[in-house]
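Notes follow once the structure below has been shown.
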């Protein structure tokens, strides 16, 4: 479980999150909100990429402020732009990057890499340079790289924003097929309809916290 | 820069550390012994190794393309200053070295190359050098050269659309700003994938 208690965050003088207290337990949680509403900052607090300037974030009892590395093993993160997430020049090598960081033995790294490549249809391009992949393939590689590390939760920060319709569908299917819990920040409301819970952000606060059937129409009305 | 070309040839199977050492040794020898016969022999041997690795002549020549202008200028300068033998030596030496370096990257996975470099730099640890950080820096360089090229092309196109195609400042400032913004995200992405330089590799 992710416990958020009285969390606030500011970048210098600019306050982006204000006194949030939430328990995140559902299998699929959506985070929506306008630009600058604080949702991406919120997402980065969940795996300790950012630590809050006030309050605490705990993942299964681990404090992101003190136990950042342990938290990042439990909570994976997929960025909006996969080009910024793919670290090594070749597809299979990048996929294995996180696994090496976990200190796994070579045969386990090879097994998990192969499994993730097959699952996301990247096996044929395993030895290809990552920069030659399509946008959708790059995002799948980013997801596969995180998934191979077997986290308990995966946070997605606007995973479909840069993609065309076909690739959006591929990513939606990939998220749908995950055994892990997922927290998805997105402007793509179609993607979120079947989720268990929706958090709507405005001005650094959660202003709606409900099922999609209630929260999404309310959010659309709010934005109109 | 041409990426790794999968294969099972003896050149592919040769340990990455041995390839790097051979590259360093040949490079040093070519500059320590400035003889045309040696430079031509190195060039011929490199050609044979390309054949052994199953790499086409076209791809081999593509390794030289980025340096073509530099090579031409160097040859012309040497020709003017020192005669044709010196010009041939400079051309053969540089071509052999570039082709050999290209052969190493064409036949070695970057992860293996980086691991070999990390192992080779382990002796620098007592001097405060972290081989894992050096390895990651090299990996990131290899990864982001094409990304930088793509960003530069995008910015150039955008500036051209606004009639600024001849302005170097209009090109470099947005590219640098985007790369700096990108570097923050990349650092976060590396963190998010549990990278710990004190525990990684070497």
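No value in this document is a laboratory result; all are computed from the given coordinates. Note that the coordinates shown come from a computational prediction; the quantities given were computed from them, not determined experimentally. Glycine also receives a Cβ, built like all others from the backbone with ideal geometry; neighbour counts cover every protein chain displayed.
By DSSP, the beta bridges lying fully in the protein assembly as shown are antiparallel in about 55 percent of cases.
Over all distinct alpha-carbon pairs, what is the Kirkwood Rh of the protein assembly as shown in angstrom?
Numbers: mean 1/r = 0.0412 Å⁻¹.
Evaluated on the protein assembly as shown, it is 24.3 Å.
Rank these for me by crowding, B:19, A:168, going from fewest to most other beta carbons within 10 Å. Can you show the working numbers first?
Details: B:19 22, A:168 19.
Exposure proxy ranking, most exposed first: A:168, B:19.
Counting, for every residue in B:181-192, the Cβ atoms of other protein chains within 10 Å of its Cβ and taking the mean gives 6. Once the Cα atoms are used to define both axes, helix A:135-147 deviates from the longest principal axis of chain A by about 90 degrees. Enter the angle in degrees (range 0 to 90, nearest 10) between the Cα long axis of helix A:165-176 and the first principal axis of the Cα atoms of chain A, meaning the one along which they spread out most. On a 0 to 90 degree scale, this one is about 80. Residue separation of residue A:5 and residue A:205 scaled by 0.36 nm, minus their Cα-Cα distance, works out to 70.7 nm of gained length.
Working from label points 7 Å from Cα in the Cα-to-Cβ sense, the residue A:15 to residue B:74 distance is 6.2 nm.
Placing a label point 7 Å from the Cα of residue B:145 along the Cα-to-Cβ direction, the residues of region A:69-92 with a backbone N closer than 18 Å are A:87-91. Per-residue shielding of A:139-148, expressed as the average number of other chain Cβ atoms within 10 Å of the residue Cβ, stands at 1. log₁₀ I(q)/I(0) of chain A at q = 0.09, 0.12, 0.16, 0.17 Å⁻¹, via Debye over equal Cα point scatterers, no solvent, to two decimals? Once normalised to I(0) and log-transformed, intensities are -0.36, -0.64, -1.11, -1.22. What spacing in nm lies between the two simple spin-label points modelled at residue B:33 and residue A:119, each 7 Å away from Cα in the Cβ direction? Simple spin-label model gives 5.5 nm for this pair. Centre-to-centre, using Cα atoms only, region A:195-224 and region B:2-54 are separated by 62 Å. Taking the C-alpha atoms only, the angle from helix A:212-223 to the longest principal axis of chain A is near 70 degrees. Counted over region A:2-223, the DSSP beta bridges are approximately 55% antiparallel. Of the Cα atoms belonging to region B:10-108, the radius of gyration and Dmax stand at 13.7, 44 Å.
Put a dot 7 Å past the Cα of residue A:54, heading toward its Cβ, do the same for residue B:104, and the two dots end up 5.5 nm apart. Helix-only arithmetic for chain B: the sum of -39500 (n - 2.57) across DSSP H runs with n ≥ 4, divided by the residue total, places the mean residue ellipticity at 222 nm at -25000 deg cm²/dmol. One way to sum up the overall shape of region B:122-192 is the equivalent ellipsoid from its Cα gyration tensor, whose semi-axes run 34, 12, 10 Å, largest first.
Using the alpha carbons alone, the radius of gyration of chain B stands to its Kirkwood radius in an Rg to Rh ratio of 1.03.
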